[in-house]
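Contents: one structure, followed by commentary.
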Amino acid sequence: MSPIRSASIAALASAVLAATLTGCQFGREQQNTSPIVIAADLELSGASAPIGKVYQRALELKVEQLNSSGALGTRKIKLEVKDNRSDAAESLRNINDFSADSRVSAIIMGGCNECATGAVRTIGEKRIPTIALASSGAITEPVAQRRYVFKLAPNAADSAAALTTELKRRRLDKVAVLHSADGYGQEGLAALDREFDKTDLRLVRSEAVRTTDTDVSSQVAALVEKKPDALIVWTPPEQAALAAAAARQDSFAGSLFFDASAAGDLFLGAASRSTERATLIFTQTMVIDDVIATTPAKAARRQWFQDYTARYGGYNGFSSFAADAVQLIAEAELRAGGDPGRVDRDVLRDVLETSQLDGLTGPIRMTPDNHSGLMPQALTTLVARGGRWRLAG
């Protein structure tokens, strides 16, 4: 009930009594001021710490923006973060801890594919809505066994289709692939195989690298030896930079392509020489400063780019996925309603499953049959020019 500013003590007492007896029929309904508690399981140390810290910064900035905007009415978001140390077992312990906290509405998991896939059973048993920022399709499929798990990251099938389209357009027929040895890398290779089968493109060789490898030169040399027209690198960004340098050292004369998983910072830094003219499939947000803001969604993406850059001195393309995860959970919590101070995770899950958002990453559509919401049209073709990513064309 809103405070009643009256000089009359009797009037105030009457109003309080009336509210008590009639459920605020004579005043405003009680406003929900309980916090929306969002938990985050992130890679803040260990091998994946760079991307985990990107996500943490993005979450903190987005929470700050929403809390100060008034968009949540009388409510505020509270962010609870735990470090999973880039370890699936530690991540699972964090998920159990978050699930046991009745204040937590939902969980956001970072970019660790093994962490997310390893936690899906526990998430389902604990019935806690979770949005993963990792890419593996096994995180959300099959949906019937992943009812509480959602994903915000480029899908392997969509990346493979976009890469194939660009290869065909440029008439690059012989292709070699360097991919990570984890589930997402294997998924990517399979997706490329399916797309190539529909065309005249030919996979001349593929090589796998472990996500912990710090030397990929032997694998790159084996691929370059086949003299492909194009080399696709389907690895995390640090290994993608190593692969580009190794290809340049081996005098690779073909074209270099990166899957979305290889995206990282806007400015390429030390990797700029070896990645010049390379092609990347990613969302437009990475280069939104090149785009005229002709729609409210594009204007919001541009503003996010500027805010993140101003706060942290640079931009990382994956930051927008974390921000969109916060937005989805906050909107779902408001739509779910319910009693003040009580978290109904089942209702929140149901709302998330039908969420639609023109997000910072692009159009997002969740459905009961598809919990991986980033739409294929969110992906575009970028090219490295002058030490940074630009729109192709």
Only residues that are β-branched (Val, Ile, Thr), open to solvent by less than 20 Å² (accessible area, probe 1.4 Å) and under 29 Å from residue 390 (Cβ atoms): list them for region 309-367, please.
326, 361, 364
Where a residue in region 218-230 is within 10 Å of residue 207 (Cα to Cα) and its partner, wherever it lies, is of a type in the set (Asp, Glu) and at pLDDT below 95, with Cβ under 9 Å and at least six apart
219/213
What pairs come out if I take residues in region 274-288 that are touching a residue at least 24 places away in the same chain (Cβ under 8 Å) and open to solvent by 10 Å² or more (accessible area, probe 1.4 Å) and pair them with residues that are of a type in the set (Val, Ile, Thr) and not in a loop (DSSP other than H, G, I, E, B) whose C-beta lies under 6 Å away, six or more apart or interchain?
284/380
Meets criteria (among the hydroxyl-bearing types (Ser, Thr, Tyr), more than 22 Å from the chain's Cα centre (by Cα) and surrounded by 16 or more Cβ atoms within 10 Å (Cβ to Cβ)) for residue 206:
yes
Filtering region 269-286 down to residues that are within 24 Å of residue 304 (Cβ to Cβ) and touching a Lys or Arg at 6+ places or on another chain (Cβ under 6 Å) yields 285
Can you name the residue in region 81-125 that is in a loop (DSSP other than H, G, I, E, B) and open to solvent by less than 10 Å² (accessible area, probe 1.4 Å) and, of all such residues, is nearest to residue 351 (Cα to Cα)?
110
Taking the condition closer than 19 Å to residue 317 by Cβ, touching a residue at least 60 places away in the same chain (Cβ under 8 Å) and among the β-branched types (Val, Ile, Thr), does residue 63 pass?
no
Step by step: first the residues of region 214-229, then only those that are buried (at least 16 other Cβ atoms within 10 Å of the Cβ) and in a loop (DSSP other than H, G, I, E, B), then the one that is nearest to the chain's Cα centre (by Cα). Which residue is that?
216
Could you give every pair whose Cβ atoms fall below 9 Å, whose first residue belongs to region 127-150 and is on the phi > 0 side of the Ramachandran plot, and whose second residue is modelled with pLDDT of 95 or more, counting only separations of at least 6 or pairs across chains?
127/99; 127/147; 127/148; 127/345; 127/346; 127/349
Looking only at region 333-358, which residues are in a helix (DSSP H, G or I) and in contact (Cβ under 8 Å) with a residue 60 or more places away in the chain?
333, 334, 345, 346, 348, 349, 352
Say whether the condition of being touching a residue at least 40 places away in the same chain (Cβ under 8 Å), within 21 Å of residue 308 (Cα to Cα), of a type in the set (A, V, I, L, M, F, W, C) and open to solvent by less than 50 Å² (accessible area, probe 1.4 Å) is met by at least one residue in region 243-254.
no
Take residue 66 and decide whether it is closer than 19 Å to residue 325 by Cα, modelled with pLDDT of 95 or more and part of a loop (DSSP other than H, G, I, E, B).
no
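The values are calculated or read from the model by the stated rules, or taken from the named source; none is laboratory data. Not measured: the values here are computed from a predicted model. Neighbour counts are summed over all protein chains in view; Cβ atoms, including those assigned to glycine, are modelled from backbone coordinates with ideal geometry. Ligands, DNA and RNA are excluded from the accessible area calculation, which covers all protein heavy atoms including side chains. Shrake-Rupley method; radii C 1.70, N 1.55, O 1.52, S 1.80 Å.
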